[in-house]
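Single-structure report; data block below.
Read the figures in this text as sums done on the coordinates, not as results from a lab. Keep in mind that what you see is a predicted model, and the values were worked out from it rather than measured. Glycine also receives a Cβ, built like all others from the backbone with ideal geometry; neighbour counts cover every protein chain displayed.
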Amino acid sequence: MIKKKILVVEDEESLLKLQSILLTLRGYNVEGVTDGQAALEAVVTMKPDLILLDIMLPKIDGLEVCRQLKTNVATRHIPIIMLTAKKSKEDLVMGEQAGADMYITKPYKSSMVIETIQRILS
């Protein structure tokens, strides 16, 4: 069975490691990056099946990363789950307008994120 590839974009190292370990243990092929520019580059080389994307990132924020990926014919099909501490109504609307498939706010339960990923990738 081919492992699904997940790109984790998170600037907080401890969260990036935790998410990577949890997803790897679930059988996913995981790559992690810590800024928006690196995320855009990784999408080209990795061709992920799904992206977990923080909003508050150095270089290019997650909303702009999402916008660029969702307006590009080659990448618009990749599901993007925003994982963020930004939880106002305006933030949710901005995530939706950027093209995010799901918007999950921190703190969150890892099990909920795993279930969401499994649902989207099945």
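Among the listed residues Asn72, Asn29, identify the single one that is surrounded by fewer than 16 Cβ atoms within 10 Å (Cβ to Cβ), among the polar types (S, T, N, Q) and over 16 Å from Leu16 (Cα atoms).
Of Asn72, Asn29, the one residue that is surrounded by fewer than 16 Cβ atoms within 10 Å (Cβ to Cβ), among the polar types (S, T, N, Q) and over 16 Å from Leu16 (Cα atoms) is Asn72.
Might you check whether a residue that is in a helix (DSSP H, G or I) and surrounded by 12 or more Cβ atoms within 10 Å (Cβ to Cβ) occurs anywhere in the range 75-82?
no
Name the single residue, out of those in the range 43-69 being under 17 Å from Lys3 (Cβ atoms) and over 12 Å from the mean Cα position of the chain (by Cα), that is surrounded by the fewest Cβ atoms within 10 Å (Cβ to Cβ).
Top of the filtered list is Thr45.
Being in a helix (DSSP H, G or I), out of contact with any strand residue (DSSP E or B) (no Cβ under 7 Å at 6 or more places or on another chain) and within 19 Å of Lys109 (Cα to Cα) narrows it down to one of Leu23, Leu40, Leu63, Leu15, so name that one.
One residue alone meets the criteria, Leu15.
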